[in-house]
Every structure is written in structure tokens, then in C-alpha cells.
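Here it is, the structure, as C-alpha cells.
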Ligand code: CUA
């Protein structure tokens with residue numbers, strides 16, 4: 001009872017609190033299996049208990065041996081028949097669910113051309129559903145949107161009520177994509193592309209049918225939009241569900257489910273990226289940086305300098321807009337200042353209502369840069385820089401490091417916060 005007290009069906013990663021057709025199908029299948037196996041448990045357990053109580057030997061028991069039913073054709077065939085029947089009851093919906101969750105639907109509501117308000121789709125993608133390429137790394141997630149030409153990390157953004165096709169790949173070891181309240185799980189396997197589809201919330205037809213909603217088309221649409229806003233728009237928690245090395249438990253991800261307009265606005269801001277500090281154009285900024293870097297002052301300029309220089313951040317990270325930040329080994333940092341978590345969901349800085357807390361964000365950036373190896377043991381950012389972030393002072397002596405100072409880390413954290 002004490003252990004059961006820790007159970008809660010209504011948590012951020014509960015598979016019982018479903019928000020979408022895939023998770024719902026999986027939950028239905030789970031409950032069916034639970035009922036069938038409960039039935040088996042009760043029947044078999046019941047017969048077992050009756051047999052023990054009724055036929056157990058008592059003191060001075062002189063009853064004869066009860067009649068033995070072994071080999072009785074009726075019992076044997078009956079048991080085989082019952083087992084087969086129960087397995088069929090589980091197997092048919094299981095196969096249906098496997099097919100349903102495997103084939104990405106191509107319903108009209110989900111086709112990009114029918115809901116995406118932007119006018120800059122890749123050619124030919126109007127009739128496709130949104131595709132996201134999910135790439136697993138030790139220990140973070142890349143989310144690429146090939147039709148939209150953008151890429152983000154650890155916090156994916158998806159439209160509510162639309163089917164989204166996921167292409168799952170890995171660059172190193174096997175990971176597993178699991179977004180409990182929406183869908184899960186499918187493995188990301190090196191050397192092959194797996195696929196699945198997800199959908200946050202029902203589409204309007206399924207929703208109308210389920211709720212028996214009636215009214216004119218406009219009324220229905222308004223009620224449906226209200227449902228999406230109130231029940232589906234949210235910040236969902238996901239997790240790598242396949243052991244993948246030191247920091248597997250710290251390989252989390254998030255999904256922000258938004259309306260169509262917010263989605264398009266997000267895509268635009270990902271595309272545009274950021275200017276140099278103080279709204280300066282990058283060309284201009286780099287001209288000064290290359291000739292007289294000491295004349296670039298203030299927290300953000302100092303931070304940008306560390307980002308390009310001593311921190312070597314641009315070797316692995318890209319930031320849209322910045323022509324020199326083109327690294328691909330690490331997460332894309334465009335709009336990283338907007339994310340409610342960093343370090344693949346491990347360091348969070350938001351309230352219960354998912355509002356960003358800037359001071360916590362600052363502290364998280366500092367912690368992440370300064371103690372990368374503590375936050376996420378074994379991670380590449382630490383190892384690639386020779387057990388620390390900063391430059392080697394003596395290339396012949398790798399032990400001798402010139403790590404970023406606390407002041408530099410402060411500037412860098414402020415600069416990263418400004419990327420939004
Ligand atoms: Cu990736 Cu566990």
C-alpha cells in the first residue's frame with residue numbers, strides 16, 4: 001500500500017492521461033489486455049483456491065483420492081479453445097493498432113497546404129503532412145523540419161490537431177522516442193530510418209463524432225478551436241526510452257503544441273534567427289570583431305565574443321542569422337533563450353504554468369557551461385574541449401587548460417539568454 005501511494009495516473013508523463021489518437025489507441029489496447037488478463041487471473045486463481053480449500057488433506061482424513069481429470073478430452077479441448085479465444089480477443093485489436101499507428105494518415109486537415117499559414121513551403125509539400133526528422137545523439141535530440149528548412153533541438157514545436165510524420169534516425173547508438181501523453185515508443189536505430197506519426201489532440205471530425213457536437217460549421221469550428229486551446233495546447237514531456245549510455249536518464253525532450261498561427265510565427269522566427277548584439281548587422285559586427293574586438297563592450301558583446309572565440313561554441317553550434325556560427329555537432333541554438341529548459345530537458349527554468357523564469361535560466365546556463373560534466377556525465381561538449389570549455393594554453397601539454405573564467409561564463413550566459 002505504501003508503494004502504491006506513490007502512483008498517480010495524472011502526471012506530466014502519464015500514459016493514462018492521453019492527448020491524441022495514438023496514445024489513446026495504445027491506452028485502449030492496454031486496458032483491453034488488462035481486462036482479459038484480470039479475467040484469466042480471477043478464473044484460474046479462483047479454481048486454484050477452490051481446489052486447495054476443498055481438496056486439502058485434513059487431520060485423520062480418510063476420504064478417497066478425488067477423481068483425476070488429467071487427459072479428459074472435454075477439459076483439454078475446452079481449455080485450448082478458451083485460450084485461443086482470449087488470444088484472438090487481444091490479437092485482433094493489437095494488429096489493428098499496429099497498422100493504425102504505423103501508417104501516417106493523409107487526411108485533408110493535416111495537409112500542410114490546408115493549415116500552414118506561411119507561404120514559403122518547399123515545393124510539392126502542400127499535399128503532405130508535416131514531416132519532422134528526429135535525430136538522436138548522446139544525449140540530446142535534433143528536430144529537423146525539412147519542408148520548412150529549419151532545425152531545432154530538444155524542444156520540438158508541433159501544431160495541434162494535425163498528424164505529423166516523424167522520421168527517426170540516430171547518429172550513434174539506439175535511442176527511443178517516447179512522448180507518453182501523445183505517442184510512444186519507437187526506436188531510433190543507427191543506419192536505418194524508422195517512422196511513426198504523432199498527433200496532439202483529435203482532428204475536427206473525430207472530435208465532433210466523439211462529443212456528438214452539433215451546430216453550424218462555424219459554431220463547430222469555434223467549439224473545436226476552444227477544445228484545442230483549452231485541452232491540447234501545452235508543453236509536453238518526453239524522454240529517451242532506451243538505455244544509451246552514461247546520461248541516458250538525462251536525455252529528455254519537450255514538445256510545445258500550439259495553434260497554426262503560433263506555429264507559423266515560430267517557423268518565421270527560427271528562419272530569421274538573430275542579429276548581432278544591439279541589433280547590429282553581423283557583417284558590421286564581424287568587421288569590428290576582426291580588427292578591434294576590444295571596442296565591442298557590454299555584457300552581450302562580451303558574451304558574443306566568448307561565443308565566437310574562447311568558448312569555441314561555434315565549432316559545434318549554429319545560430320540562424322550568424323554567418324560564422326555553423327557547427328553541426330551540437331544543438332542548433334537559434335532561439336535557445338526562448339526554451340523553457342536546456343541540456344535536453346534536464347535543467348528547467350519555468351513555472352508550473354510554463355512561464356520562463358529568467359533568473360533560473362541564467363543560473364542554468366552558468367551551471368551547464370561551468371559544470372557540463374556534472375550536469376551530464378560523459379557529454380561531448382566537455383570531452384571535445386579537453387575536459388573543460390576554453391582554450392588550451394600550451395598545445396603540448398593537454399593537462400594545462402585555460403578554462404573560461406566566471407566572468408566569461410557570466411557574459412556567455414547573458415548572451416545565450418538574449419537569443420530569442
Ligand atoms: Cu538516448 Cu537513452
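Please work out if residue 95 is in a helix (DSSP H, G or I) and at pLDDT 95 or above.
Taking the combined requirement at face value, the residue satisfies it.
Sticking with this one: Test residue 185 against the stated conditions and say whether it is surrounded by fewer than 20 Cβ atoms within 10 Å (Cβ to Cβ) and out of contact with any strand residue (DSSP E or B) (no Cβ under 8 Å at 6 or more places or on another chain).
no
Go through the residues of segment 121-133 one by one and say whether even a single one is within 14 Å of the chain's Cα centre (by Cα) and farther than 21 Å from residue 226 by Cα.
Yes, that holds for at least one residue.
Could you figure out which of (1) buried (at least 20 other Cβ atoms within 10 Å of the Cβ); (2) modelled with pLDDT under 95 isn't true of residue 257?
(2)
Additional query: Which of the residues that make up segment 130-166 are within 11 Å of the ligand (Cβ to nearest atom), buried (at least 23 other Cβ atoms within 10 Å of the Cβ) and not in a loop (DSSP other than H, G, I, E, B)?
Correct list: 136, 140, 141.
Still on this model: Looking at segment 354-373, can you tell me whether even one residue there is assigned to a loop (DSSP other than H, G, I, E, B), touching a strand residue (DSSP E or B) at 6+ places or on another chain (Cβ under 7 Å) and either assigned by TED's automatic domain parsing to the domain that holds residue 246 or at negative phi (or both)?
There is at least one residue in segment 354-373 that is assigned to a loop (DSSP other than H, G, I, E, B), touching a strand residue (DSSP E or B) at 6+ places or on another chain (Cβ under 7 Å) and either assigned by TED's automatic domain parsing to the domain that holds residue 246 or at negative phi (or both).
Pairs under 6 Å by beta carbon, first residue modelled with pLDDT under 95 in segment 175-195, partner within 13 Å of the ligand (Cβ to nearest atom) and outside any strand (DSSP E or B), six or more apart or different chains?
What qualifies is 185/241.
Right, here's the next one. For segment 263-305, what are the residues that are in contact with a strand residue (DSSP E or B) (Cβ under 8 Å, 6 or more places away or on another chain) and crowded, with 16+ Cβ neighbours inside 10 Å?
263, 266, 267, 270
Kindly list the number of the only condition in (1) surrounded by fewer than 17 Cβ atoms within 10 Å (Cβ to Cβ); (2) on the phi > 0 side of the Ramachandran plot that fails for residue 201.
The single condition residue 201 does not satisfy is (1).
Let me ask something else. Working only within segment 108-129, note down all residues that are under 19 Å from residue 269 (Cα atoms) and either in contact with a strand residue (DSSP E or B) (Cβ under 9 Å, 6 or more places away or on another chain) or within 16 Å of the ligand (Cβ to nearest atom) (or both).
The answer is 112, 115, 116.
Here's a follow-up. Does residue 50 meet the test of being farther than 25 Å from residue 179 by Cα and in contact (Cβ under 8 Å) with a residue 24 or more places away in the chain?
So residue 50 fails the test.
For segment 167-261, which strands (runs of 3 or more DSSP E) that fit wholly inside it have 1 or more residues that are within 21 Å of residue 104 (Cα to Cα) and within 13 Å of the ligand (Cβ to nearest atom)?
Counting at least 1 such residues, we get 175-179, 183-188, 234-240.
I'd like the full set of residues that are touching a helix residue (DSSP H, G or I) at 6+ places or on another chain (Cβ under 6 Å) and in contact (Cβ under 8 Å) with a residue 40 or more places away in the chain, limited to segment 343-359.
343, 346
Right, something else. Quick one: which residue in 87, 95, 27, 112 is loosely packed, with under 12 Cβ neighbours inside 10 Å, without any contact (Cβ under 8 Å) to a residue 40 or more places away in the chain and out of contact with any helix residue (DSSP H, G or I) (no Cβ under 6 Å at 6 or more places or on another chain)?
Only one candidate passes the filter, namely 95.
The values are calculated or read from the model by the stated rules, or taken from the named source; none is laboratory data. These numbers were taken from a predicted model, which means no experiment stands behind them. Note that we place each Cβ from the backbone using ideal geometry, even for glycine, and neighbour counts take in every protein chain shown.
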